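Participant: Got a structure for you, questions after.
What follows draws every value from the coordinates through simple rules; no lab data is involved. The shown structure was predicted, so the numbers you read here are calculated from the model rather than taken from an experiment. Here the Cβ positions follow ideal geometry from the backbone for every residue, glycine too, while neighbour counts run over all protein chains shown.
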Amino acid sequence: MGQVTARTSRTIEAPAEQVRAALADYATTRPRILTDAYRDYRVEAGGQGAGSRVHWTLQATKSRVRDQLVDVTEDAGALVESDTNSSMVTRWTVAPAGSGSTVTVETTWNGASGIGGFFERTFAPKGLARIHDGVLEKLAASVAP
């Protein structure tokens, strides 16, 4: 069993503070920027940044569904979403980039072993990166001037 990592980033034409605030808004902005891969979204505690607890079901593929109960913390300015139901951790980092910002999303989890693990390590990162790319696209539209 090895660690699997999916990573993607996007430059957004909005100040880093505005983008980070939008990402940290689990009550209003997050439900609007999630793609169809997410369902059953609800805020269970908080709703603004660290200290929030959020639930969703992630439909990564036809047969790969994760029921996630996520605790949100902050680490060095990044929003860190730790799934209490698995080893999955997603880190959202926003950095200034010229007049805009760059958002990097990195998700790690402990993958399966054997042949299933091989396929997971080969295909899951690309699929999850596509899902995150869709969220970043909607985030960019939501903070556009």
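Participant: For Cα pairs less than 8 Å apart in space and 6+ apart in sequence, what is the mean separation divided by the residue count of the chain, i.e. the relative contact order in percent?
Facilitator: Answer for the chain is 33 percent.
Participant: Could you calculate the contour length gain from Lys126 to Thr102, that is, 0.36 nm times the residue separation minus the distance between their Cα atoms, to one decimal place in nm?
Facilitator: 6.7 nm
Participant: Cβ neighbours within 10 Å, averaged per peptide: list 12-20, 56-64, 101-109 in order, most packed at the top.
Facilitator: Descending mean neighbour count gives 101-109, 12-20, 56-64.
Participant: In nm, give the distance between the simple-model label positions of Ala76 and Arg42, each being 7 Å from the Cα along the Cα-to-Cβ direction.
Facilitator: For the pair Ala76/Arg42, the computed spacing is 3.6 nm.
Participant: Would you compute, for the Cα atoms of the chain, the largest minus smallest coordinate along each principal axis and list the three values in descending order, in whole Å?
Facilitator: Result, largest extent first: 47, 32, 29 Å.
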